[in-house]
Amino acid sequence: MKIRRITGLTAMVTAGVLALAACGSGGSGTNNGSPAASGPSTGIVTANGSEPQNPLIPTNTNETGGGKIVDLLFAGLVYYDAKGAPHNDVADSITSSDNTTWTIKIKSGQVFSDGSPVKAENFVKAWNFGAKLSNKQLNSYFFENIKGFSYDKDTDLTQTGGLTVVDDTTFKVVLNGPESDFPLRMGYTAYYPLPDSAFTDMTAFGKAPIGNGPYVLNTWTHNVEAKLTPNPKYDGPRKAQNGGVDLKFYTDLGAAYSDLQADNLDVLDAIPDSAYGTFKSDLGDRAVNQPAAIFQSFTIPVAAPHFGMNEEGRLRRQALSMAIDRAQITKVIFQGTRTPATDFTSPVIAGWSDSVPGNEVLKFDAAKAKELWAQANAISPWSGKFTIAYNADGGHQGWVEATTNSIKNVLGIDAEGLSYPDFASFRTDITGGKMKSGFRTGWQADYPSLYNFLGPLYGTGAGSNDGKYSSPQVDQLLQAGLAAKSVADANVQFQKVQEQLFKDLPAIPLWYSNVTGGFSTLVQHVQFGWNSVPLYYEITKS
């Protein structure tokens, strides 16, 4: 979902390690607090981005590079405001009497950017495409709750009774069981509609997508930039207040920050570590440092030698976790723009807790880490090198080196980072199941729910379950939470999910990220959302 999605380019950190002295903690500054735009402007807003992993098909986009673009090209049933509250976009209403059968009515007169109408069947066909096993869509997991979905065979959800077109503006969705938060998800990428033309050649469509959102894709120069212009046929609540958005694909955040300071870049949503101590004074009230729904971790595949879901593997995972001095790393390297994690979700999400039973495995305890590692060695002696893979274009080298050094110093094993040149090649090896040791992972929420941090990453067969973790207990508890009558009741089950995750540690939680960024002197009405993504359509530029 969108962390949404898996993050690509994030704040760069220095290659130095824990011996460095802290240069002071970044403050808790926010954006400029300016009001919503009162009218459109004509200037083209420039912002940082990264090359999408795949063609721009909503059901196959689950990382931030592609997500930024897709979210501007398409309009879903709902959208989320800066605080994460949902509002209708294409939807007129989403209703149910039992939380299992949902009736969705869309606004009449909606069109795609090519002028073709947006009908109920455009949602149904898009969802059905995303759900089919043979289409191998990364976001297929988001349809597993619909009646008839299968991970084992191709199914047509219109034939199973899961999706039914009632008329041009109405369709029904039948779930496998009650889910009270179903409408909350409808702003995520996977649920966007597709025009009829997409189904002629989906791969070609992904290279030149036709959406129904506030922008259209003008040009996409691979590994360089994507240029978007306002969609004159969009008349929804996210209407563009500028002359377009150019997303520039930086591989060096230092260069992006220099461009921002020189007013050659208008919006930057990640600050390089070299500027953590100065960016607030550099930018003044144009600096952004605010909480966001972003969770950082590293994942170890369950198939990795010595790290299976057995006694030895669990002991080693716990030992690694307790060998990491998160407080020191976030203080020295991130200078107050990260907070050591105490769970698998985010403090900005309702229901979050810092006292989930079992989370003591996230506390630095060198003696306990050594003890657990020795217990694992008694089962099967350790051999080899422990690595954490990362994409070099995301600026992760510093914290990876600090983390592996902490592990090496505590456990006395050979540990180091494994660098990939770019995010695309890094993700390709992950989705291809080629990782044999640890690799960095991150999640930026798709919608504001504890479940969104848990189900997509740790549910059996989930689209972003990169470590191939599977637990019957976790699956059962996830379903119990989804079936709960209220969000509060659901959160009780989701916290039980985390109790099991702390036992298994399919991923090692590291820290929560603030969104750190800024904007140039040439733009106004800049607001960063709850999930760290700027609300590009609100930005004005003369």
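The values are calculated or read from the model by the stated rules, or taken from the named source; none is laboratory data. Remember, predicted model here, so these are calculated numbers, not experimental data. Backbone-built Cβ (ideal geometry, glycine too); neighbour counts: all protein chains shown. Only protein heavy atoms, including side chains, enter the accessible area calculation; ligands, DNA and RNA are left aside. Shrake-Rupley method; radii C 1.70, N 1.55, O 1.52, S 1.80 Å.
For the residues ALA292, ALA303, the requirement of being under 28 Å from VAL400 (Cα atoms) and part of a loop (DSSP other than H, G, I, E, B) singles out ALA303. Once the stretch 80-97 is narrowed to residues that are modelled with pLDDT of 95 or more, crowded, with 16+ Cβ neighbours inside 10 Å and of a type outside the set (S, T, N, Q), the residue that is farthest from ALA190 (Cα to Cα) is ILE94. Listed by first and then second residue, the pairs linking a residue in the stretch 258-281 that is over 19 Å from SER50 (Cβ atoms) and surrounded by 17 or more Cβ atoms within 10 Å (Cβ to Cβ) to a residue that is at pLDDT below 90 and not hydroxyl-bearing (Ser, Thr, Tyr), with Cβ atoms under 6 Å apart and 6 or more places separating them unless they lie on different chains, are TYR276/GLY26; TYR276/GLN335; LYS280/GLY27; LYS280/GLY29. For the structure I just gave you, tell me whether SER532 is open to solvent by less than 20 Å² (accessible area, probe 1.4 Å), assigned to a loop (DSSP other than H, G, I, E, B) and of a type in the set (Gly, Ala, Ser). So SER532 fits the description; yes.
Can you name the strands (runs of 3 or more DSSP E) wholly within the stretch 178-280 that have at least 2 residues being among the charged types (D, E, K, R)? Here the list reads 225-230, 244-249.
Per the listing PRO305, PRO291, PRO357, PRO340, the residue uniquely within 19 Å of the chain's Cα centre (by Cα) and surrounded by fewer than 18 Cβ atoms within 10 Å (Cβ to Cβ) is PRO291.
When you check SER542 against the structure, is it more than 29 Å from PHE149 (Cα to Cα), among the hydroxyl-bearing types (Ser, Thr, Tyr) and either touching an Asp or Glu at 6+ places or on another chain (Cβ under 8 Å) or not in a strand (DSSP E or B) (or both), yes or no? I'd like the intermediate steps shown before the answer.
On the way: more than 29 Å from PHE149 (Cα to Cα): yes; among the hydroxyl-bearing types (Ser, Thr, Tyr): yes; either touching an Asp or Glu at 6+ places or on another chain (Cβ under 8 Å) or not in a strand (DSSP E or B) (or both): yes.
Considered against the rule, which asks whether it is more than 29 Å from PHE149 (Cα to Cα), among the hydroxyl-bearing types (Ser, Thr, Tyr) and either touching an Asp or Glu at 6+ places or on another chain (Cβ under 8 Å) or not in a strand (DSSP E or B) (or both), SER542 comes out as yes.
Within the stretch 449-503, the residues that satisfy the criterion of being of a type in the set (Val, Ile, Thr) and either open to solvent by 40 Å² or more (accessible area, probe 1.4 Å) or assigned to a loop (DSSP other than H, G, I, E, B) (or both) are THR460, VAL487, VAL492. Within the option set ASP156, ASP167, being exposed (fewer than 15 other Cβ atoms within 10 Å of the Cβ), under 21 Å from THR100 (Cβ atoms) and more than 27 Å from the chain's Cα centre (by Cα) holds for one residue only, ASP156.
Scanning the stretch 408-431 turns up no residue that is of a type outside the set (Lys, Arg), touching a Pro at 6+ places or on another chain (Cβ under 6 Å) and under 26 Å from SER464 (Cα atoms). Looking at the stretch 374-393, which of the residues that are touching a helix residue (DSSP H, G or I) at 6+ places or on another chain (Cβ under 6 Å) and open to solvent by less than 10 Å² (accessible area, probe 1.4 Å) is nearest to ILE508 (Cα to Cα)? This residue is ILE388.
Applying the criterion of being hydroxyl-bearing (Ser, Thr, Tyr), within 15 Å of PHE171 (Cα to Cα) and assigned to a loop (DSSP other than H, G, I, E, B) to the residues of the stretch 98-118, the residue that is least open to solvent (accessible area, probe 1.4 Å) is THR100. Selection over the stretch 154-177 of residues that are touching a Leu at 6+ places or on another chain (Cβ under 6 Å) and not in a strand (DSSP E or B) gives a count of 2. For the stretch 407-419, state whether one or more residues are in contact (Cβ under 8 Å) with a residue 40 or more places away in the chain, aliphatic (A, V, I, L, M) and open to solvent by less than 10 Å² (accessible area, probe 1.4 Å). Yes: one or more hits.
Of all the residues in the stretch 300-322, those that are charged (D, E, K, R) and within 21 Å of PRO340 (Cα to Cα) number 2.
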